[in-house]
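The values are calculated or read from the model by the stated rules, or taken from the named source; none is laboratory data. Since the model is a prediction, treat every value here as computed from it, not as a measurement. As a convention, Cβ positions derive from the backbone with ideal geometry for all residues, glycine included, and neighbour counts pool all protein chains shown. Keep in mind that these areas ignore ligands, DNA and RNA; they rest on the heavy atoms of the full protein, side chains included. Shrake-Rupley method; radii C 1.70, N 1.55, O 1.52, S 1.80 Å.
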Amino acid sequence: MNKNYSLPGLLIETTFVYDFISQGEVKSIDYINPDNGDILMDKDNAVILFTGGNPVIVSNEMKTGCVAVVVDSNMAVTKVINKVPDKGIKPSFTESVDVEIPDGGFMVLSYDSDYENSGIRSFFAEKFNNGDIIKLRMNNTKISLEEVLQLTGQAEMKASISLLNGDYCTTEERDLKLAGFIRNPLTSAEYKIEVKKYGASGEFVEEKIVEITDKDDFGFLISLQLNDGVNYVDLSLYEAGQLLNYANQKRIVFKKKQKTLNKDKQVIMWVEQFVNAKTLNTVEKMEQVIATAKDAGITEFAVDVKGCEGFAAYKKATLTHAPYITETRDPRKKAEMEIDFLEEFVRIAHKHNMKVYASFNFFVEGNISTEDYAIHVPDKHPGWAEVIQAPEDKGELKSVLHTKRNAMLLYVNPANDEVQDFQLKRVEEVLMNYSIDGVILDRARYDHQYADFSEETKEKFIAYLTGKNKALDNWPADVYSIGPDGTVVLGKHYFEWITFRSLVISNFSNRLRALVNQYGKNQNRDIKLAAYVGSWYETYYQNGVNWADESFIYNERLDFPLPPLYTREYAKASYLDNIDFIMIGCYYDTKEQIEKYVTLGNILTNEKVDLIGSISLPDLKTPEELRNGFQTVYQNSNGGMIFDLCYTDWTKLKPAIQNEEI
């Protein structure tokens with residue numbers, strides 16, 4: 001067997017920060033299990049992957065000067081060797097990389113000649129924490145450790161199933177065609193594939209046995225009839241009558257109940273607040289942009305009327321007196337504007353028979369890094385700020401205003417009644433003064449998994465537990481505690497805590513729904529309530545939002561990191577019943593990743609509301625990537641949302657929307 005020590009395009013990806021991106025940061029892996037130190041002798045910088053049983057062939061000096069990340073078979077970080085002790089502090093480099101590698105896991109070791117400037121050791125020392133779920137990627141596609149070893153000739157080349165179908169797909173067709181071939185077959189062996197199909201609740205539905213008769217390329221084409229909703233398909237390979245367990249594969253398919261005509265689909269352009277202010281600060285500029293958007297195929301706009309800093313993109317702030325966007329203190333965002341932005345935007349869009357939804361960044365009230373606050377929360381309402389328990393603070397409860405954690409935005413506590421009341425006033429002053437077509441929930445969530453530990457939240461959590469005949473004995477350790485190494489140690493009420501936080505957000509959506517309905521009735525018109533969320537539902541519980549339909553039943557094939565969470569109690573914490581449509585951010589750069597998360601969104605919402613897949617223009621850099629990305633969300637959901645107007649090149653976006661090659 002020819003053994004390769006490198007695999008061009010192989011990357012390790014960190015877990016990610018949900019507020020800004022939908023993928024982690026990446027670093028190239030230079031070598032895999034090198035068994036000859038000579039290839040490393042002339043390297044000042046290197047990232048090396050080792051699996052169990054392979055010697056760590058670096059010098060003794062390097063063994064304590066390296067930074068390494070140990071990962072188990074579930075892709076969870078179990079140890080960071082020579083991790084930074086605190087933010088901004090260089091490691092002491094006293095730990096050796098001579099540690100045991102978990103069965104089925106690996107260690108990624110890094111070294112460089114200049115810690116401060118090379119960005120290699122510092123990347124691993126700062127970006128990884130115990131418990132993080134990380135990924136290996138090959139040319140931006142997720143890859144398993146076993147596949148890495150096979151591609152480098154370090155694992156036996158065995159017979160396996162190679163499917164041409166993606167891991168996840170959505171279809172409106174009744175029949176599914178599974179096409180592929182047997183990779184690395186023994187020409188003398190007989191092969192067959194066993195296909196089993198399961199329904200939404202995991203019930204067995206159908207089985208097929210397919211004999212592989214084509215001995216030229218060992219190809220196959222399998223036809224399956226799909227049920228409405230989710231179909232879990234398992235494929236097993238038999239060689240000479242023996243089951244090859246390692247070759248098992250799965251495919252997850254969502255079958256829509258009925259076809260959605262393109263004329264009924266929404267194409268929404270997102271209009272972020274400050275980044276578009278300078279290009280839309282006159283009526284003439286708005287007229288031109290909106291007409292251009294109409295011509296390209298945009299049907300609706302999502303306009304950021306309350307940005308992260310809290311400034312209003314409307315002048316009639318009759319209830320909150322929030323300052324207008326021209327009053328920002330950030331010179332980079334300053335824009336001269338005499339018009340009422342929202343009033344003119346709605347007027348012009350309606351003239352073109354286009355809808356306008358007002359988006360609110362609900363539980364954010366300022367930018368800490370630039371000290372830009374519409375409502376100066378640090379002085380006027382310091383008790384609104386989230387209180388967090390983060391690894392950077394060594395388990396101390398700290399206001400987001402005083403934490404050592406890198407906090408850019410000032411998130412406020414969703415469980416604080418004053419905070420909720422204030423946000424509802426923001427919505428009401430828009431509903432009473434502007435003829436918007438709907439309201440969008442954006443950042444209607446917690447900042448992250450470390451919030452909120454304020455006294456207000458504590459008292460409400462106690463009341464929640466009391467209703468379940470449970471007691472809070474140790475705060476905050478009954479939720480979780482932070483170990484000396486920064487590890488989160490889950491407490492006995494952790495899952496109740498996750499459900500409680502989702503109920504806080506769900507209950508807020510109840511109040512918002514009632515307000516929108518009230519104004520719809522009073523004004524005798526249909527006003528929609530929608531939501532924007534990240535498509536990465538498997539970790540979105542950390543933000544306190546459950547956007548799945550209550551009918552969703554977790555299946556192990558989905559491979560979520562916290563299976564015990566998905567109880568009937570957690571299902572009842574969903575806010576999906578309160579909204580008319582939901583936009584999910586499929587902010588990825590490959591068609592496969594986008595299709596996976598649109599399909600997951602379809603499974604989770606189960607067609608109870610319109611689901612609209614969303615793309616981010618910076619992720620899709622070429623015209624072909626843009627067309628593929630948009631058409632993937634558009635064809636597999638009820639339309640497409642495009643983020644953001646400020647990134648738009650209409651010469652590329654118009655053909656992408658109209659599915660034309662350029």
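Scanning the stretch 240-248 turns up no residue that is without any contact (Cβ under 8 Å) to a residue 24 or more places away in the chain and over 14 Å from Ser160 (Cα atoms). Taken together, the residues in the stretch 650-662 that are open to solvent by less than 20 Å² (accessible area, probe 1.4 Å) and not hydrophobic (A, V, I, L, M, F, W, C) amount to 1. Regarding the stretch 294-301, can at least one residue be identified that is in contact with a strand residue (DSSP E or B) (Cβ under 8 Å, 6 or more places away or on another chain), under 24 Å from Arg329 (Cα atoms) and not hydroxyl-bearing (Ser, Thr, Tyr)? The answer is no; no qualifying residue exists. From the list Gly229, Gly180, the one residue that fits, being in contact with a Phe, Trp or Tyr (Cβ under 8 Å, 6 or more places away or on another chain) and touching a residue at least 60 places away in the same chain (Cβ under 8 Å), is Gly229.
Between Asp38, Asp19, Asp30, Asp86, the distinction of being open to solvent by 40 Å² or more (accessible area, probe 1.4 Å) and either at pLDDT below 90 or of a type in the set (A, V, I, L, M, F, W, C) (or both) belongs to Asp38 only. Can you confirm whether the stretch 457-467 contains a residue that is touching a residue at least 24 places away in the same chain (Cβ under 8 Å), over 30 Å from Gly520 (Cβ atoms), more than 29 Å from the chain's Cα centre (by Cα) and not in a loop (DSSP other than H, G, I, E, B)? Yes, the stretch 457-467 contains at least one residue that is touching a residue at least 24 places away in the same chain (Cβ under 8 Å), over 30 Å from Gly520 (Cβ atoms), more than 29 Å from the chain's Cα centre (by Cα) and not in a loop (DSSP other than H, G, I, E, B). If you go through the stretch 113-153 and keep only what is touching a strand residue (DSSP E or B) at 6+ places or on another chain (Cβ under 8 Å) and charged (D, E, K, R), you end up with Arg121, Asp132, Lys135, Arg137, Lys142, Glu147. Counting only residues that are open to solvent by less than 10 Å² (accessible area, probe 1.4 Å) and under 15 Å from Asn628 (Cβ atoms), which one in the stretch 574-596 is nearest to the chain's Cα centre (by Cα)? In this case the residue turns out to be Cys586. Would you check if Tyr647 is of a type in the set (Phe, Trp, Tyr), at pLDDT 95 or above, in contact with a helix residue (DSSP H, G or I) (Cβ under 6 Å, 6 or more places away or on another chain) and open to solvent by 20 Å² or more (accessible area, probe 1.4 Å)? Yes, satisfied. Please verify whether the stretch 123-130 includes one or more residues that are more than 23 Å from the chain's Cα centre (by Cα) and in contact (Cβ under 8 Å) with a residue 24 or more places away in the chain. Scanning the stretch 123-130 turns up at least one residue that is more than 23 Å from the chain's Cα centre (by Cα) and in contact (Cβ under 8 Å) with a residue 24 or more places away in the chain. Condition test on Thr622, is it in contact (Cβ under 8 Å) with a residue 24 or more places away in the chain and of a type outside the set (Phe, Trp, Tyr)? No. For the stretch 543-557, a residue qualifies if it is more than 15 Å from the chain's Cα centre (by Cα) and hydrophobic (A, V, I, L, M, F, W, C), and the qualifying residues are Phe552, Ile553.
When the criteria are applied in full, Ala125 meets the requirement of being of a type outside the set (Lys, Arg), buried (at least 18 other Cβ atoms within 10 Å of the Cβ) and either in a loop (DSSP other than H, G, I, E, B) or at negative phi (or both). For the stretch 610-639, which positions are open to solvent by less than 20 Å² (accessible area, probe 1.4 Å) and among the β-branched types (Val, Ile, Thr)? Those that are open to solvent by less than 20 Å² (accessible area, probe 1.4 Å) and among the β-branched types (Val, Ile, Thr): Ile612, Ile615, Thr632, Val633. So, of the residues in the stretch 46-80 that are outside any loop (DSSP other than H, G, I, E, B) and either free of Cβ contacts under 8 Å to residues at least 24 places away in the same chain or among the basic types (Lys, Arg) (or both), which turns out to be most open to solvent (accessible area, probe 1.4 Å)? So, considering only residues that are outside any loop (DSSP other than H, G, I, E, B) and either free of Cβ contacts under 8 Å to residues at least 24 places away in the same chain or among the basic types (Lys, Arg) (or both), the one most open to solvent (accessible area, probe 1.4 Å) is Glu61.
Within the stretch 411-431, restricting attention to residues that are of a type outside the set (A, V, I, L, M, F, W, C) and touching an Asp or Glu at 6+ places or on another chain (Cβ under 8 Å), which residue is most open to solvent (accessible area, probe 1.4 Å)?
Asp417
Total residues in the stretch 508-524 satisfying the condition of being surrounded by 15 or more Cβ atoms within 10 Å (Cβ to Cβ) and either touching a His at 6+ places or on another chain (Cβ under 6 Å) or free of Cβ contacts under 8 Å to residues at least 24 places away in the same chain (or both): the figure is 1.
Restricting to the stretch 211-221, name every residue that is in a strand (DSSP E or B) and surrounded by fewer than 16 Cβ atoms within 10 Å (Cβ to Cβ).
Glu211, Gly219, Leu221 - these are the residues of the stretch 211-221 that are in a strand (DSSP E or B) and surrounded by fewer than 16 Cβ atoms within 10 Å (Cβ to Cβ).
Kindly indicate the residue of the stretch 222-251 that is of a type in the set (Asp, Glu) and assigned to a strand (DSSP E or B) and also farthest from the chain's Cα centre (by Cα) among those meeting that condition.
Per the criteria, the residue is Glu239.
Taken over the stretch 386-410, the residue count meeting the criterion of being under 17 Å from Lys460 (Cβ atoms) and open to solvent by less than 20 Å² (accessible area, probe 1.4 Å) is 3. Is it fair to say Ala477 is free of Cβ contacts under 8 Å to residues at least 24 places away in the same chain, more than 24 Å from the chain's Cα centre (by Cα) and assigned to a helix (DSSP H, G or I)? Taking the combined requirement at face value, the residue does not satisfy it. When Gly88 is tested against (1) out of contact with any Gly (no Cβ under 8 Å at 6 or more places or on another chain); (2) on the phi < 0 side of the Ramachandran plot; (3) not in a helix (DSSP H, G or I), only condition (2) is not met.
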